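A quick write-up on the structure given underneath.
The values are calculated or read from the model by the stated rules, or taken from the named source; none is laboratory data. The shown structure was predicted, so the numbers you read here are calculated from the model rather than taken from an experiment. Cβ sites come from the backbone with ideal geometry, for glycine too, and all protein chains shown count toward neighbours. The protein model used for the area step is the full one, side chains on, heavy atoms only, and it has no ligands, DNA or RNA in it. Shrake-Rupley method; radii C 1.70, N 1.55, O 1.52, S 1.80 Å.
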Amino acid sequence: MATLLFSAAALVAAVVPASAQSPATPAPTPDPVVVVDCSAQAQVRPEEYLLACGDGNNRLVGLRWDTWGQRTATATGTDMVNDCRPYCAAGRFRPYPVTVTLSDPQRWPDHPDLQRFTLIRILYTDTAPSPVLKDVTYKLVY
């Protein structure tokens, strides 16, 4: 009888997966990655993002995020750029379709528990506003 019980216990131990036998240690949660806006606020998947903090003449709108990961984030949207003709106060905002990529996450000194993206790449999928190149990368310094 003891042999039968021992055999049954060995059979159960062999059939039950190791994860069910002992609690697994949870994987550490990675630090959240954000993009910092002109007001020094952390944003995740923002629908809008102001590029020209000083005068507001360049803003990304209608952002639809395809990815938001630990290394990069990608979106499509529209870059609304003031043509400043004849001068900026009298200018008109013109739409330019874009693909946006955020990258190069680094620890945010003001909030050490967060990572912030430090580069933004803007790829104009049609025409770019003159004299801007069709593919530009800017350092985010906020």
Legend entry - Ordering of 101-107, 90-96 by packing [mean C-beta count within 10 Å, highest first]: 101-107, 90-96
Legend entry - Accessible area in square angstrom per residue, the stretch 20-142, 1.4 angstrom probe: 60 Å²
Inset, instruction - Describe numerically, in nm with one decimal, the distance between label points set 7 Å from Cα along Cα→Cβ at Ala90 and at Leu114. - result: 4.1 nm
Inset, instruction - Treat every Asp and Glu Cβ in the stretch 65-116 as -1 and every Lys and Arg Cβ as +1, leave all other atoms uncharged, and give the resulting dipole magnitude about the Cα centre to the nearest 20 debye. - result: 200 debye
